[in-house]
Amino acid sequence: MRTLRLLSVCLVSIGALLIPSTAIAKQSKPTPPKNLRGFLVKPSERVVHVFPRTPAFTWRPVRGALCYEFELATSKTFTESSLVWSNVRYGVKPGASCRAVPASSPAPSDAAEASASTSPGDAAKPTGDPAVSTMIAPLRVPAVSVDVALPWFTGNPYALHARVRAVTSRGPTGWSKPFGFNMRWPSVPRPKAAAPGLARWAPVAGATAYQVWYPDAGKVFTTTTNTADQREFYTWKFDAGWWAGVRYRVRAVRQVFGDVPNGLKPVSYGPWSPVYSAFNPGKSTGPLALAFATSDRVSGASPKRAHQLMPAFVFRGNQSLDGRAFDLFRMYAFTDRDCVNVVYRGAVVGSPAYAPRATGPLALPFSDDEIDKAVSRYLGDAKDEGDTRSNDGAKVVTSEAVEATTGAEGSSEGFELLTGAKVDLPDVDFPSTRYFWTVVPVALLEDADGKRYYKDMDLPQDACKAGRVLSFGKESDPVVTGARYVSGLTPSGRLLASRGGKKRPVVYSTPLVAWLPALGATAYEVQWSRTRYPWRAQGSKQTYSTSAVLDLAPGTWFYRVRGLNQLQVRKPEMAWSVPVQVKVAKPTYRLVASR
């Protein structure tokens with residue numbers, strides 16, 4: 001039997017080589033990681049350098065690595081001012097680098113981290129505020145999911161650069177060769193069939209909102225859905241020449257969520273679409289009636305499917321319940337068929353359709369001089385509508401009202417979404433639960449003191465009782481994930497995706513899970529449980545990316561993912577994905593002899 005001396009024995013585990021200190025001097029210094037690349041859902045994807053959303057990254061493992069340090073920057077020199085994301089801790093002794101660090105600080109000191117938790121579940125919850133501080137857990141596997149929704153950003157040849165190095169018992173290796181890439185929109189918005197007074201387009205992957213430009217009106221505004229009403233061309237307008245032909249352009253907006261230390265601009269834009277034209281008939285008359293709701297889907301009197309995006313609402317006619325004719329209208333949404341419990345109040349419009357906007361309602365005219373200007377000019381936008389009242393005299397505040405706006409009115413930069421109105425309704429359990437909507441006429445009146453105000457000329461409750469009511473569902477499709485989007489270490493330490501036919505993937509060490517983006521989501525929540533049913537969450541994390549590294553103990557686990565829409569009213573949670581089973585195998589060791 002062969003005899004092995006104590007100093008020439010080492011333990012080999014998955015992806016790492018543990019070597020006695022006396023043998024270190026005899027071995028060459030580990031080389032930097034190789035084959036660094038980005039991917040969206042599978043590490044086996046063809047190597048590309050353009051992504052519509054934030055990619056995950058992987059590389060060839062380094063033998064003897066205790067952990068990895070990763071940096072993402074807007075310069076290939078990786079100066080501190082260019083860093084977008086980093087977990088590097090400079091000026092510490094070897095081995096001390098493998099600790100959690102705040103994402104907001106690319107080079108924290110030991111003192112700054114003394115009170116920081118190293119639990120991977122300690123990440124701060126994403127909110128509407130882009131300055132979210134997050135703890136980055138040590139990277140123990142050759143992969144990383146960057147918790148930032150990167151903006152669309154292109155360079156010559158690349159605007160963003162990534163690099164990685166391993167940390168061993170003798171300190172860090174050299175940096176890998178940088179991986180350069182661009183963030184770019186996959187397409188421009190393309191028009192879809194729409195009703196009179198409405199523009200509609202196909203959603204763009206990776207977009208968090210859209211800007212709509214009416215060149216003839218000289219106005220740019222923001223919406224979080226894929227529709228836009230043409231209120232500027234109808235409100236206080238009485239000649240068909242204003243609305244008969246409406247030209248418009250649309251561009252996708254991508255907002256940065258997550259902490260970006262170098263101050264990268266929080267909003268980026270895709271290119272403007274070509275000029276599209278909408279042709280509208282004359283204004284319809286007769287009793288006010290509802291037609292349908294439309295967004296990514298269309299729902300009429302008997303909706304079969306729920307909307308993923310907040311819909312626009314189409315109607316016809318101009319008469320109130322008592323037969324009087326009016327030119328202004330307001331849409332309401334309720335949680336009950338009796339139209340008593342209001343959850344959404346639309347803005348006053350003159351168009352035969354209403355679509356929500358995040359940049360505020362029209363600046364309604366009140367005085368004679370303002371009315372004269374409104375008849376002959378396009379109305380601008382405002383923070384709120386002024387004095388507007390319901391049919392019973394209660395004050396009405398539209399859901400489009402915003403606290404503040406950023407950017408000049410009508411400018412191409414328009415409005416920063418960070419201060420926009422929340423104009424998206426939360427999901428409901430359609431079809432058992434749904435929303436109900438109606439439209440009421442609005443008129444400008446004057447009280448006994450000569451003060452003018454806008455008033456609903458029908459009570460929504462009465463309109464619904466009279467049959468002027470339709471329902472719609474608002475429910476996001478479950479996030480698309482599954483076993484084919486689970487990646488993990490092989491016995492050799494490489495990161496590979498599970499095979500397509502394998503429904504119960506087995507991985508060594510920490511798995512990286514990915515999913516397809518959900519329409520309307522600005523962030524995601526991942527939960528894991530030991531059992532599929534009953535579901536008992538053992539942990540969770542929230543991310544702005546479409547991938548996450550799960551620090552799971554050996555054994556069988558189930559995980560699920562849901563989108564979070566920070567622009568929804570009150571509740572951001574969207575639908576959960578189907579739970580996915582993953583087994584984390586225990587590490588194995590073997591004895592090897594040194595030469």
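Here are some notes:
- Single residue of the stretch 211-235 satisfying the filter (more than 27 Å from the chain's Cα centre (by Cα) and of a type in the set (Gly, Ala, Ser)) that is surrounded by the fewest Cβ atoms within 10 Å (Cβ to Cβ): 218
- Qualifying residue in the stretch 339-347 (condition: among the hydroxyl-bearing types (Ser, Thr, Tyr), in a loop (DSSP other than H, G, I, E, B) and either touching a strand residue (DSSP E or B) at 6+ places or on another chain (Cβ under 9 Å) or open to solvent by 60 Å² or more (accessible area, probe 1.4 Å) (or both)): no
- If you filter the stretch 418-464 down to residues that are in a helix (DSSP H, G or I) and open to solvent by 30 Å² or more (accessible area, probe 1.4 Å), you find that the one that is modelled with the lowest pLDDT is 418.
- Extreme residue, nearest to residue 525 (Cα to Cα), among residues of the stretch 576-594 that are modelled with pLDDT under 80 and under 45 Å from the mean Cα position of the chain (by Cα): 586
- Looking only at residues of the stretch 171-182 that are surrounded by 17 or more Cβ atoms within 10 Å (Cβ to Cβ) and more than 35 Å from the chain's Cα centre (by Cα), we find that the one that is modelled with the lowest pLDDT is 172.
- One residue from 578, 549 being hydrophobic (A, V, I, L, M, F, W, C), touching a residue at least 60 places away in the same chain (Cβ under 8 Å), out of contact with any Cys (no Cβ under 7 Å at 6 or more places or on another chain) and surrounded by fewer than 18 Cβ atoms within 10 Å (Cβ to Cβ): 578
- Identity of the residue in the stretch 195-210, of a type in the set (A, V, I, L, M, F, W, C) and open to solvent by less than 30 Å² (accessible area, probe 1.4 Å), that ends up nearest to residue 359 (Cα to Cα): 209
Residue-by-condition table, conditions (1) of a type in the set (S, T, N, Q); (2) modelled with pLDDT of 90 or more; (3) part of a loop (DSSP other than H, G, I, E, B); (4) surrounded by fewer than 19 Cβ atoms within 10 Å (Cβ to Cβ):
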position	(1), (2), (3), (4)
26	no, no, yes, yes
30	no, no, yes, no
35	yes, yes, no, yes
47	no, yes, yes, yes
54	yes, yes, yes, no
58	yes, yes, no, no
62	no, yes, yes, no
68	no, yes, no, no
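- If you go through the stretch 281-295 and pick out every residue that is among the charged types (D, E, K, R) and free of Cβ contacts under 8 Å to residues at least 60 places away in the same chain, you end up with 0.
- Qualifying residue in the stretch 243-253 (condition: closer than 22 Å to residue 473 by Cβ and at pLDDT below 95): no
- Flag if residue 292 is at pLDDT 95 or above, surrounded by fewer than 21 Cβ atoms within 10 Å (Cβ to Cβ) and either in a strand (DSSP E or B) or in contact with a helix residue (DSSP H, G or I) (Cβ under 6 Å, 6 or more places away or on another chain) (or both): yes
- Residues satisfying the stated conditions in the stretch 236-258, i.e. within 16 Å of the chain's Cα centre (by Cα) and in a loop (DSSP other than H, G, I, E, B): 256, 257, 258
- Qualifying residue in the stretch 86-97 (condition: modelled with pLDDT of 85 or more and of a type outside the set (Val, Ile, Thr)): yes
- Just one of the listed residues (104, 75, 133) is assigned to a loop (DSSP other than H, G, I, E, B), on the phi < 0 side of the Ramachandran plot, modelled with pLDDT of 85 or more and open to solvent by 20 Å² or more (accessible area, probe 1.4 Å), and it is 75.
- Residue selected from the stretch 296-329 under the condition acidic (Asp, Glu) and in contact (Cβ under 8 Å) with a residue 60 or more places away in the chain, by the criterion least open to solvent (accessible area, probe 1.4 Å): 296
- Residue in the stretch 153-161 that is among the polar types (S, T, N, Q), open to solvent by 40 Å² or more (accessible area, probe 1.4 Å), modelled with pLDDT of 85 or more and over 30 Å from residue 569 (Cα atoms) present: yes
- Per-region count, the stretch 554-588, residues closer than 18 Å to residue 516 by Cβ and among the basic types (Lys, Arg): 2
The values are calculated or read from the model by the stated rules, or taken from the named source; none is laboratory data. Quantities reported herein were computed from a predicted structural model and do not represent experimental measurements. Cβ: placed from backbone, ideal geometry, glycine included. Neighbour counts: every protein chain shown. Just the protein is used for accessible areas: all its heavy atoms, side chains included, with ligands, DNA and RNA removed. Shrake-Rupley method; radii C 1.70, N 1.55, O 1.52, S 1.80 Å.
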